[in-house]
Amino acid sequence: MPPQKRHRDFGWLFIVCAGLLPLVLGILCTAIEARHTVNQQQVSTANTLLSQAEKMSDSAWNMITTLRQYHHRACADIEENLQRAGTLNAYFRSIGMLQGDHISCSSAYGLNHGALAEMMLQPPPVTGKAWWSLSIRGTLGVPDRPAVIFVRQLPDSSGFWAVIDGQYLMDFMHAIGESRGYQMTLQFNGGAIISSGPDEQPGQLYLKSAQYRAESSRYPISVNVTVPATELVKAWRQALFIFLPMAAIFSILLMVLTANWLRRRLSWADEIRRAMRNRQFSVHYQPVYSTDIERCKGAEALMRWQLPNGEMIRPDIFISHAESEGVIVPLTQHLLDLMAEDIQSWQVEPDFHIGFNVAAEHLQHPDFVQDVMRFARRIKDKQMTITLELTERSLIEDGEMVARKLRHLQSHGMKVAIDDFGTGHCALSYLMTFPLDYLKIDRGFINAVEGLETETPVLDAIINLCHKLELDVLGEGVETSLQFAYLRQRGVGLIQGYYYARPMDNDRLRAWLNEHGRKPLLVEESHEPELHHS
Ligand code: C2E
Ligand code: CA
Ligand code: CA
């Protein structure tokens, strides 16, 4: 797991949130959308009802205008005409004439012509106007069914009236509102309420029942349309039904994108690039001892990565990820830059060996020779010998081309070593086709040393082979005086390991070189394992 990723291992939370986002948004949006749609339908229903009520008012007033032809005529003469007009025209319950507050003539059969208040079952409103209309609970003949009365009073205290049956309005309301469960009311001049639809139910939360009120600009008519919460929920459910499959697809898409983004963002490659920018890498150097000249012969550069919180990432881990995620080349270029900076402050004798590890991919890379040559130029004045530590694995591919590159670098005084020798799977005969200078024997073989006089067959064989092939040989991971004495006794010219020195940072290396660099490594007689310069 990349170092930062361990601290931010809430990736799954991101993914879950990304998955939920379209769903939550969808549910919210569909609720708003459902409300909006229902509101629009509500407004248009209210307007339709209003215009129907206006149309009825128009025909009532037209009827009254027609009645004016009977002005000053005796009721007996015109009663029949009134009856015909009242019956043949739609909407009307009755029509008639007034004299003061009394009904002087009416189209309704058998109606004893009483007071207007009697007929409309309530006192007429005091409007002070010659024209007025009012919705009423009922009329004398039909007391249980609402109606609307229209009255026109003439200056001579006579007048005309028409009563429209509320049933027409109720039926109309029913026709336009029933399928949607609307509850509708209608009032003329603030009179009795003519209503249709179910009674209002209590709603919940956002989806509580919505009321809309509209008023006519031409007549004193007001209508109210109420959508019950259940209707809103129904509309919402319908919207969800269409939307949810889409949201699910979005949800999955977003989850995949987030997972990808997280993977990219938290990949080792990205972390390594960021760490290079933030200068989190540094180089430690492990001194190498020469048993021939009995002093420090060189040092191997080993990369170190320290996070801002002080935590160190192990090199074998980040190196293998850098290799598998394709950032080993820039990382090694970075290493060479850091080394070149460090080396400027060194004071070492000519031919001091500075070794660094070369990854297989870098060796195949077209920039390899140029990168190394550039490094060589930067440290030229120190007259050091650059040592390339290659693994057997890196020699498998493109052998010819690799050999050419190595020969070129050797022609500039560089040395080539096989690192971890004995752990790879290359045939020795194949290895020998490369221009090699020395082998670094893996510490696994050195661990096998049991006593100065006891044979260690594989180790001995490797050492003998190196001598026969005239290759220099370096023992890696030497931790005890016994191992050291053993190797020295068998002619291993170079020793590297904790017994001589541990890897150290640039400042400590310079101090170490000053103090110990020129001193021979003394072997304790007992050959007991012991750390020397720790
Ligand atoms: P390596 O190239 O074989 O490096 C030697 C490793 O052995 C180093 O480990 C060193 O600290 C350790 N070592 C040295 N003496 C002793 C000893 O006496 N006892 C024990 N137990 N260990 C000893 P380190 O620094 O952890 O590096 C591990 C590996 O990571 C290296 O193995 C090398 O393969 C890789 N590596 C480190 N730095 C770089 C680099 O800059 N580039 C590349 N490509 N690989 C690197
Ligand atoms: Ca090495
Ligand atoms: Ca090694």
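Take the conditions closer than 18 Å to Met339 by Cα and within 16 Å of ligand 3 (Cβ to nearest atom) and apply them to Thr391. Does it pass? No, not satisfied. Would you call Phe356 within 14 Å of ligand 1 (Cβ to nearest atom), in contact with a helix residue (DSSP H, G or I) (Cβ under 9 Å, 6 or more places away or on another chain) and not in a helix (DSSP H, G or I)? Yes, satisfied. Name the one entry in Thr230, Thr258, Thr291 that is closer than 30 Å to Thr185 by Cβ, away from ligand 2 (no atom under 16 Å from the Cβ) and of a type in the set (Ser, Thr, Tyr). Thr230 is the lone residue from the list that is closer than 30 Å to Thr185 by Cβ, away from ligand 2 (no atom under 16 Å from the Cβ) and of a type in the set (Ser, Thr, Tyr). Pairs linking a residue in the range 292-311 that is closer than 16 Å to Gly475 by Cα to a residue that is more than 16 Å from ligand 3 (Cβ to nearest atom), with Cβ atoms under 6 Å and 6 or more positions apart or on different chains, are Asp292/Gly493; Glu294/Pro520; Arg295/Arg518; Cys296/Gly517; Lys297/Ser290; Gly298/Phe352. Here the condition is being farther than 22 Å from Ile221 by Cβ, of a type in the set (D, E, K, R) and outside any strand (DSSP E or B); of Arg145, Arg68, it holds for Arg68 alone.
Selection of the range 423-445 for residues being open to solvent by 70 Å² or more (accessible area, probe 1.4 Å) and under 24 Å from Ala301 (Cα atoms) yields Thr423, Arg443. The condition of being open to solvent by 30 Å² or more (accessible area, probe 1.4 Å) and either more than 22 Å from Lys415 (Cα to Cα) or touching a Phe, Trp or Tyr at 6+ places or on another chain (Cβ under 9 Å) (or both) holds for Tyr498.
When Asp420 is tested against (1) modelled with pLDDT of 90 or more; (2) open to solvent by less than 30 Å² (accessible area, probe 1.4 Å), just one condition goes unmet, and that condition is (2). When residues of the range 467-483 are filtered for being in a helix (DSSP H, G or I) and away from ligand 3 (no atom under 16 Å from the Cβ), how many remain? Looking only at that region, the number is 4.
Considering every residue within the range 324-332, establish whether at least one is in a helix (DSSP H, G or I), among the β-branched types (Val, Ile, Thr), buried (at least 21 other Cβ atoms within 10 Å of the Cβ) and under 44 Å from the mean Cα position of the chain (by Cα).
Checking the range 324-332: at least one residue is in a helix (DSSP H, G or I), among the β-branched types (Val, Ile, Thr), buried (at least 21 other Cβ atoms within 10 Å of the Cβ) and under 44 Å from the mean Cα position of the chain (by Cα).
Checking Thr391 against (1) open to solvent by 10 Å² or more (accessible area, probe 1.4 Å); (2) modelled with pLDDT of 95 or more; (3) within 16 Å of ligand 2 (Cβ to nearest atom); (4) over 38 Å from the mean Cα position of the chain (by Cα), only one condition comes out false. Which one? Status for Thr391: all satisfied but (2). Given the criteria assigned by TED's automatic domain parsing to the domain that holds Arg93, over 21 Å from Ile194 (Cα atoms), part of a loop (DSSP other than H, G, I, E, B) and open to solvent by 70 Å² or more (accessible area, probe 1.4 Å), does Pro123 qualify? So Pro123 fails the test.
Per-residue answers, yes or no, for (1) more than 16 Å from ligand 1 (Cβ to nearest atom); (2) outside any strand (DSSP E or B); (3) closer than 24 Å to Glu311 by Cα; (4) among the small types (Gly, Ala, Ser):
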position	(1), (2), (3), (4)
Glu231	yes, yes, no, no
Lys234	yes, yes, no, no
Leu253	yes, yes, no, no
Met276	no, yes, yes, no
His284	no, no, yes, no
Tyr289	no, no, no, no
Asp292	yes, yes, no, no
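Residues in the range 337-356 that are of a type outside the set (Asp, Glu) and either away from ligand 2 (no atom under 16 Å from the Cβ) or surrounded by fewer than 20 Cβ atoms within 10 Å (Cβ to Cβ) (or both): Leu338, Ala340, Ile343, Gln344, Ser345, Trp346, Gln347, Val348, Pro350, Phe352. Hey, can you tell me all the residues within the range 294-317 that are farther than 16 Å from Glu349 by Cα and away from ligand 2 (no atom under 16 Å from the Cβ)? Residues satisfying the conditions are Trp305, Gln306, Leu307, Pro308, Asn309, Gly310, Glu311, Met312, Ile313. One residue stands out among those in the range 156-202 that are in a loop (DSSP other than H, G, I, E, B) and without any contact (Cβ under 8 Å) to a residue 24 or more places away in the chain: the one that is farthest from Asn39 (Cα to Cα), which is Asp156.
With respect to the conditions (1) over 30 Å from Asp337 (Cα atoms); (2) surrounded by 15 or more Cβ atoms within 10 Å (Cβ to Cβ); (3) free of Cβ contacts under 8 Å to residues at least 40 places away in the same chain, Ala485 falls short on a single one, namely (3).
Scanning the range 284-318 for residues that are crowded, with 20+ Cβ neighbours inside 10 Å and within 16 Å of ligand 3 (Cβ to nearest atom) returns Tyr285, Gln286, Pro287, Val288, Tyr289, Gly298, Ala299, Glu300, Ala301, Met303. Could you give me the residue pairs with C-beta distances under 7 Å whose first residue belongs to the range 48-72 and is open to solvent by less than 20 Å² (accessible area, probe 1.4 Å), whose second residue is basic (Lys, Arg) wherever it lies, and which are 6+ apart or on separate chains? So the pair list comes out as Ile64/Arg152.
The values are calculated or read from the model by the stated rules, or taken from the named source; none is laboratory data. Note that the structure is a prediction, hence the values are computed from the model and not measured. Because the Cβ atoms are built from the backbone with ideal geometry, glycine has one as well, and the counts that use them run over all protein chains shown. Just so you know, the surface numbers come from the protein's heavy atoms only, side chains and all, with ligands and any DNA or RNA stripped out. Shrake-Rupley method; radii C 1.70, N 1.55, O 1.52, S 1.80 Å.
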